[in-house]
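Contents: one structure, followed by commentary.
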Ligand code: FES
């Protein structure tokens, strides 16, 4: 039996082992922070953090995560008490449509955890894998900088 710890709680996985992590998080656990964008590992909307690394959850089967720790957007804070990086995205009004924002936050969270003083160039390079079609890139950059303060 595959066991995955999500946001600090261990869960036994009772689905086909090839099920993408994204589907299991959303359908079995009701954690809808990670979004389905392309389903092909190309847009980053589904990004979560696994053992400190940003991962596109649409292309990782649950069986590959046995014994691992996953953090989703919900693990960073709540609507009433957002985490520091979530607060920074709100304060900088980084979202337009908002669909990419959970993935942006999770990839930035992983970056700042290992590089709290990441330069603008590092932030830009890291977030290149996450697409935003609204074009709020400058506000996203400001939010990540603010979240690092
Ligand atoms: Fe996973 Fe696009 S939905 S990368």
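Among the listed residues 34, 88, which satisfies the condition of being within 30 Å of residue 146 (Cβ to Cβ), in the same structural domain as residue 134 (by TED's automatic domain parsing) and touching a residue at least 12 places away in the same chain (Cβ under 8 Å)? Break it down stepwise before answering.
Values: 34 fails: in the same structural domain as residue 134 (by TED's automatic domain parsing).
Result of the check over 34, 88: 88.
For residues in the range 48-73 being part of a helix (DSSP H, G or I) and within 14 Å of residue 104 (Cα to Cα), which is farthest from the ligand (Cβ to nearest atom)? Spell out how you get there, then give the answer.
Of the residues in the range 48-73, the ones part of a helix (DSSP H, G or I) are 57-59, 62-65, 73.
Next cut, within 14 Å of residue 104 (Cα to Cα) only: 57, 73.
Numbers: 57: 7, 73: 14 Å.
By that ranking, first place goes to 73.
What do you reckon, is residue 16 assigned to a helix (DSSP H, G or I), surrounded by fewer than 21 Cβ atoms within 10 Å (Cβ to Cβ) and more than 7 Å from the ligand (Cβ to nearest atom)?
Working: assigned to a helix (DSSP H, G or I): no; surrounded by fewer than 21 Cβ atoms within 10 Å (Cβ to Cβ): yes; more than 7 Å from the ligand (Cβ to nearest atom): yes.
No: the conditions fail for residue 16.
With the requirement that a residue be more than 6 Å from the ligand (Cβ to nearest atom) and either assigned to a loop (DSSP other than H, G, I, E, B) or in contact with a helix residue (DSSP H, G or I) (Cβ under 8 Å, 6 or more places away or on another chain) (or both), what does the range 27-39 give you? Steps first, please.
Initial filter on the range 27-39 (more than 6 Å from the ligand (Cβ to nearest atom)): 27-35.
Passing the criteria: 29, 30, 31, 32, 33, 34, 35.
Working only within the range 86-133, note down all residues that are more than 16 Å from the chain's Cα centre (by Cα) and within 16 Å of the ligand (Cβ to nearest atom).
Those that are more than 16 Å from the chain's Cα centre (by Cα) and within 16 Å of the ligand (Cβ to nearest atom): 97, 133.
Identify all residues within the range 74-95 that are closer than 23 Å to residue 13 by Cβ and not in a loop (DSSP other than H, G, I, E, B); write none if there are none. Even if it seems obvious, please write down each step before you answer.
From the range 74-95, those closer than 23 Å to residue 13 by Cβ are 74-76; that's our starting set.
Those that are closer than 23 Å to residue 13 by Cβ and not in a loop (DSSP other than H, G, I, E, B): 74, 75.
Out of curiosity, is residue 45 more than 20 Å from residue 127 (Cβ to Cβ) and either assigned to a loop (DSSP other than H, G, I, E, B) or within 16 Å of the ligand (Cβ to nearest atom) (or both)? If you could, list the steps in order and put the result at the bottom.
Numbers: more than 20 Å from residue 127 (Cβ to Cβ): no; either assigned to a loop (DSSP other than H, G, I, E, B) or within 16 Å of the ligand (Cβ to nearest atom) (or both): yes.
No.
The values are calculated or read from the model by the stated rules, or taken from the named source; none is laboratory data. Computed from a predicted structure; not experimentally measured. Glycine gets a Cβ as well: all are built from the backbone with ideal geometry, and neighbour counts include every protein chain shown.
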